[in-house]
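Below is one structure, written out as structure tokens; comments come after it.
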There are 4 protein chains.
Amino acid sequence: MSWLENSIMARRGVAGGRAGAEHYLSIADQGAFHYVYGPYASPVLSVKPGAVISVETQDAFEGAITSEQDMPSEKLNFPFLNPQNGPIFVEGAEKGDCLAVYIKSIVPRGPQPVGTTAVIPEFGGLVGTGTTAMLNKPLPERVKKMVVTPEGGVVWNDKITLPYEPFIGTIGTSPQIEAISSLQPDSHGGNMDVPDVAPGAIVYLPVNTTGGYLYLGDCHGTQGDGELCGVAIEIPSVTTIQVDLIKGMTIAWPRLETEDKLFTIGSARPMEDAARIAYRELTRWMVADYGFEEMDAYMLLTQAGRMRLGNMVDPKYSLAASILKKYLA
Amino acid sequence: MSWLENSIMARRGVAGGRAGAEHYLSIADQGAFHYVYGPYASPVLSVKPGAVISVETQDAFEGAITSEQDMPSEKLNFPFLNPQNGPIFVEGAEKGDCLAVYIKSIVPRGPQPVGTTAVIPEFGGLVGTGTTAMLNKPLPERVKKMVVTPEGGVVWNDKITLPYEPFIGTIGTSPQIEAISSLQPDSHGGNMDVPDVAPGAIVYLPVNTTGGYLYLGDCHGTQGDGELCGVAIEIPSVTTIQVDLIKGMTIAWPRLETEDKLFTIGSARPMEDAARIAYRELTRWMVADYGFEEMDAYMLLTQAGRMRLGNMVDPKYSLAASILKKYLA
Amino acid sequence: MSWLENSIMARRGVAGGRAGAEHYLSIADQGAFHYVYGPYASPVLSVKPGAVISVETQDAFEGAITSEQDMPSEKLNFPFLNPQNGPIFVEGAEKGDCLAVYIKSIVPRGPQPVGTTAVIPEFGGLVGTGTTAMLNKPLPERVKKMVVTPEGGVVWNDKITLPYEPFIGTIGTSPQIEAISSLQPDSHGGNMDVPDVAPGAIVYLPVNTTGGYLYLGDCHGTQGDGELCGVAIEIPSVTTIQVDLIKGMTIAWPRLETEDKLFTIGSARPMEDAARIAYRELTRWMVADYGFEEMDAYMLLTQAGRMRLGNMVDPKYSLAASILKKYLA
Amino acid sequence: MSWLENSIMARRGVAGGRAGAEHYLSIADQGAFHYVYGPYASPVLSVKPGAVISVETQDAFEGAITSEQDMPSEKLNFPFLNPQNGPIFVEGAEKGDCLAVYIKSIVPRGPQPVGTTAVIPEFGGLVGTGTTAMLNKPLPERVKKMVVTPEGGVVWNDKITLPYEPFIGTIGTSPQIEAISSLQPDSHGGNMDVPDVAPGAIVYLPVNTTGGYLYLGDCHGTQGDGELCGVAIEIPSVTTIQVDLIKGMTIAWPRLETEDKLFTIGSARPMEDAARIAYRELTRWMVADYGFEEMDAYMLLTQAGRMRLGNMVDPKYSLAASILKKYLA
């Protein structure tokens, strides 16, 4: 736990990074799920900084796909996709502040096989879509279900087992006045699909409205860079987070802290714009908080920056730029 | 008026394209303006199909820039930009229907010089922005005010006068569950900035929610292709429209009809995706309503299609594909 | 001819825009055609500024598709596509100069039906390609042949006849050291597919190497904006041009002059970058030659600029920005 | 060496992956360097499959920047940048074959400080460029020189030392008829800047012309993902490679093999197209050589694929998709 005690959350958070009251947000407590990130919903929970919240999340299909014979085009009802828990009201949060969300654990929930992936018509990274509009015929639908456990991993088939590397696919705050589809990432967070948003990491999210309105959902048992076909190993989960509040820390885009790295996440199209956003935010962060002259930060990132592709399938693509903390000391 | 009598609006509209009751929506009637296109606002007006509505619109800056000394960075308050009138509830409109909006006239409103353009930091087509994130220093701010009249045109300076070619920069319906910034165009319409959305044309807009929730604003005295610096000749106006309703005509993206052409409008990034959307929609329209085999439509548009660049500055770019009606007969 | 006498070519050309010696470059004279724009070929012709040259061009398929039963995948042999005449050596041309090519006429050549269009697998604006790589199955191949004459137009079918609006699809100079596929446009010109490169217009091309090395080919009987399926009305032709030389006029990208407009052409991906190049070049031209302050040019183009989409199918897309000359006086 | 004995090179190469004759290509032997990848140059060396070749490479500036006071805009002479050694003729190589280049070592060469990076006007990932054309003023020039040794790493400053992680920035074969700038990557390889093209890896390159015509240069002492400012730690080097030939293995884009992974590299703009190319090639490879059904490969890459960003600064961006070999067994 040592690095956490020296994290930005611990140093700047209202709760000092210390765990506070515990809450449990069950499916029943949640009631209706949300399909937009916006300020027009009523909070399901109000918490003080430091709160530890265990959340029962649905998978991205809200459990509608229970067998490999369930066709997505019949079972799914656009735009009611990617159901989100929340919003969670964080007491004291005002526009210009920042939420710190420490991800403690993600555990699959419900009967096995708990994992689902699928090929869905006109959706994915290597097919024509509603945006990259093509005349080619869509690929045939395809659903794959599999057992996913923390101990046993993701049992792809009888030859291949992938490691259990869970993360939160969709997490963010409410925009100030917009209500943005939970399928879309943007400066408020949302459907970023960055695998580093995983247990052990702290996500920093901009607060745009009183209470912040934290939403989350869409946990993945594992995922490759880019979430190529558009559907990771989707799992319902119990996800436990600790939420702190940093007053006056104004950030334009989501950030991430792990034991050894700092990340900034950009979401945009074309993909180079997402990369530009992420690297510019990281440059600015190094200048604002770590004493770098701008050109030095720019040149150092050229040699030591890393870029993770979150997804190349959403309405905006997400990429995460990072730098080792040891170069910032 | 002959072509109008044979327009899609006339042939398929609930009101048969005939003018009905007249309404006037003044600034006072409007009260608070809107900065998102969404279903969470209350209608300011409820009309029957055929209604003729004269709307007092604000300019994109809500009148905050009154002299060339007013700096946008001081006068503007993001995200409260591009104020929209409405929503107007159209009786009988249900998801899957289509609104037909015939634009009768756009007249500048208020004291001269009524026209405004500006160079705003980190906004525009030839500068780094929040999305195309750059480290270069922004351009200096710059405001230009000018007299705009229907008779005298747009008086750019003592040597150059541009023709008065007004159009509606931003018009659309509400998305089903999203509330999308009025700065952004998408499948619901919004900030498309297509100069053909002008008096004499009929815009067709998808209905996503009961009543349709029509919004409009952001009239321009004229504009070049792409709205290069991001700010056209912005004017407050009295804009008069006639609104009809077409039951069961389901369209995925906005369409436009003029005396001699049919248009489809796509909005996306990168720009080729907006062009793809527009041309695919037009291909599909030719197949669905004009008896073309898909490959024939595709090949004919290759030879006879036209593409208008609306804007290259918004969160999504808008382009309008078109074909002469005479090739569809 | 009055505007020509006041054209840039006439005012600055070595030959003063006056026609000089006449040349005829037949298929036999040409011998081997070229499939790259580069400095490694030997000139087929050397001319003095003012030369009027009639060129027998092949169509983009080098005549290999003679019936609607000829399948492109069997008849075409990549990369030997889009055959180019030339290079033509212009005496006195040195790096940093500019060629002015006045297009006098384009006449179809050979037995009817002389026009060809086609749907070719993995090529076109609404399909997955080698660059926009998809897993969807390609569209079926399709060839369409038609009669094309200057008087009778493009006889699409028994109901539709398109006007004969010929232009040069591919024209340019040699890069300095690169040899670039004739399928690709870039700063040297090449496969731009801009319909304004038509009889009556003057194209200005950068000279990158001694003699300029002018290539041309790929004439079209007509074409829509974007050349959507990738194949316009391809025709073999006799194309007559007059070539002048402007010493010391250094341009970064191709330009175009017509009676009433000036154009700059940009080629890049994504499409917005092609638009940015074109508008920046036009801005710079207005500053350099027409006395505009940069911000004034930028703001005026915002209101009065026009943008023509050449193609959205080549390895780089081409767009042409323009402004009416009357605003530059 | 065990994995090498089971590499594709060893299993399919004409030389069976065994080292053959040794060659040394000094600066003097090389004579004139090359700035395009093309078939128009004469080979500097002809080798048999299995040849081990030590090459004295220049840095990307051909040594023109020797102090931090050397301004790139004065010292560099476009397009004579990124000098390449070669071409090396590989005996027996014919179009449709594939070269296997095993990278044995990269050692810095010449007097310290041997490493150079720089901020160059209108070049880089976070600035306007000739392609992403902006009106903003360029960043000021900046040069940084540093000591680079295999043992001591990259001495960035007195606080930061980066590990020595050398790789070949630019390597490839000749296109069939094009001559492509050494600044640009494409299907023939070239300026890919993928850090995995490092000692211990085998690069597979398509052969497009008799002899293959292998070029290489542009070694980097280290580099971050994306080569953000456009200039990595540029070093002159002695680079030792072993070249084998695989008859009849036809690949569309460069591939890479390491002990535990297989990679495919795509280069294109916008960036998503480079990612699409890379992932489609990897999908196709899994189908062709590892018995996957296409949809299974697509879905598995969604969960287990990795994507490395090579550069986001060249005329085309390069990304490398990869999969662990253990999932292919």
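The values are calculated or read from the model by the stated rules, or taken from the named source; none is laboratory data. Just so it is clear, the structure is predicted and the values come from calculations on it, not from any experiment. Cβ coordinates were reconstructed from backbone atoms using ideal geometry, including for glycine residues, and neighbour counts include every protein chain displayed.
Tabulated results
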| item | result |
| --- | --- |
| Selection count, the stretch C:265-284, where residues are more than 8 Å from every other protein chain (Cβ to nearest Cβ) and under 23 Å from residue B:165 (Cβ atoms) | 2 |
| The stretch A:218-263, subset away from chain D (no Cβ under 13 Å) and of a type in the set (Ser, Thr, Tyr), residue farthest from residue A:111 (Cα to Cα) | A:250 |
| Per-region count, the stretch A:1-23, residues among the hydroxyl-bearing types (Ser, Thr, Tyr) and within 20 Å of the chain's Cα centre (by Cα) | 1 |
| Test: residue in the stretch B:73-80 that is out of contact with any helix residue (DSSP H, G or I) (no Cβ under 7 Å at 6 or more places or on another chain) and crowded, with 24+ Cβ neighbours inside 10 Å | no |
| Positions within the stretch C:157-200 being without any contact (Cβ under 8 Å) to a residue 24 or more places away in the chain and either crowded, with 24+ Cβ neighbours inside 10 Å or within 10 Å of another protein chain (Cβ to nearest Cβ) (or both), in sequence order | C:157, C:159, C:160, C:161 |
| Lone unmet requirement of (1) in contact (Cβ under 8 Å) with a residue 24 or more places away in the chain; (2) under 30 Å from residue C:147 (Cβ atoms) for residue C:39 | (2) |
| Of all residues in the stretch A:71-81 being more than 14 Å from chain B (Cβ to nearest Cβ) and hydrophobic (A, V, I, L, M, F, W, C), the one that is nearest to residue A:191 (Cα to Cα) | A:76 |
| Qualifying residue in the stretch D:209-224 (condition: surrounded by 24 or more Cβ atoms within 10 Å (Cβ to Cβ) and closer than 30 Å to residue D:329 by Cα) | no |
| Selected residue (only one of D:301, D:262 is of a type in the set (A, V, I, L, M, F, W, C) and surrounded by fewer than 23 Cβ atoms within 10 Å (Cβ to Cβ)) | D:262 |
| Residues (surrounded by 20 or more Cβ atoms within 10 Å (Cβ to Cβ) and closer than 30 Å to residue D:14 by Cβ) located in the stretch D:90-116 | D:90, D:93, D:97, D:98, D:99, D:100, D:101, D:102, D:103, D:106 |
| Any hit, the stretch A:83-95, residues being charged (D, E, K, R), in contact with a Pro (Cβ under 8 Å, 6 or more places away or on another chain) and within 15 Å of residue A:207 (Cα to Cα) | yes |
| Residue selected from the stretch C:201-213 under the condition of a type outside the set (A, V, I, L, M) and not in a loop (DSSP other than H, G, I, E, B), by the criterion nearest to the other protein chains (Cβ to nearest Cβ) | C:206 |
| Among the candidates C:84, C:58, residue that is within 14 Å of chain D (Cβ to nearest Cβ), touching a Gly at 6+ places or on another chain (Cβ under 7 Å), modelled with pLDDT of 95 or more and crowded, with 23+ Cβ neighbours inside 10 Å | C:84 |
| Considering residues of the stretch D:285-329 that are over 16 Å from the mean Cα position of the chain (by Cα) and of a type in the set (Lys, Arg) only, the residue nearest to the other protein chains (Cβ to nearest Cβ) | D:306 |
| Any chance residue D:66 is more than 18 Å from residue D:208 (Cα to Cα), in contact with a strand residue (DSSP E or B) (Cβ under 6 Å, 6 or more places away or on another chain) and either surrounded by fewer than 15 Cβ atoms within 10 Å (Cβ to Cβ) or more than 14 Å from chain C (Cβ to nearest Cβ) (or both) | no |
| Test result for residue C:318, buried (at least 24 other Cβ atoms within 10 Å of the Cβ) and touching a Leu at 6+ places or on another chain (Cβ under 7 Å) | no |
| Filter result for residue B:278 (aliphatic (A, V, I, L, M), in contact with a strand residue (DSSP E or B) (Cβ under 6 Å, 6 or more places away or on another chain) and within 19 Å of residue C:194 (Cα to Cα)) | no |
| Matching residues, the stretch B:107-122, being away from chain D (no Cβ under 14 Å) and assigned to a strand (DSSP E or B) | B:107, B:108, B:115, B:116, B:117, B:118 |
| Filtered residues of the stretch B:280-305 (kept if without any contact (Cβ under 8 Å) to a residue 24 or more places away in the chain and under 17 Å from residue B:258 (Cα atoms)) | B:289, B:304 |
| Close pairs (8 angstrom Cβ cut-off, 6 or more residues apart or separate chains): within 14 Å of chain A (Cβ to nearest Cβ) and buried (at least 17 other Cβ atoms within 10 Å of the Cβ) in the stretch C:132-156, assigned to a strand (DSSP E or B) and of a type in the set (A, V, I, L, M, F, W, C) anywhere | C:139/C:119; C:142/C:118; C:142/C:119 |
| Those residues of the stretch B:94-131 which are small (Gly, Ala, Ser) and either closer than 23 Å to residue B:224 by Cα or free of Cβ contacts under 8 Å to residues at least 12 places away in the same chain (or both), in sequence order | B:105, B:115, B:118, B:124, B:125, B:128, B:130 |
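Residue-wise test of (1) under 28 Å from residue B:22 (Cβ atoms); (2) within 17 Å of the chain's Cα centre (by Cα).
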{"position": "B:37", "(1), (2)": "yes, yes"}
{"position": "B:42", "(1), (2)": "yes, no"}
{"position": "B:52", "(1), (2)": "yes, no"}
{"position": "B:64", "(1), (2)": "no, no"}
{"position": "B:69", "(1), (2)": "no, no"}
{"position": "B:80", "(1), (2)": "no, no"}
{"position": "B:83", "(1), (2)": "yes, yes"}
{"position": "B:88", "(1), (2)": "yes, yes"}
{"position": "B:97", "(1), (2)": "yes, no"}
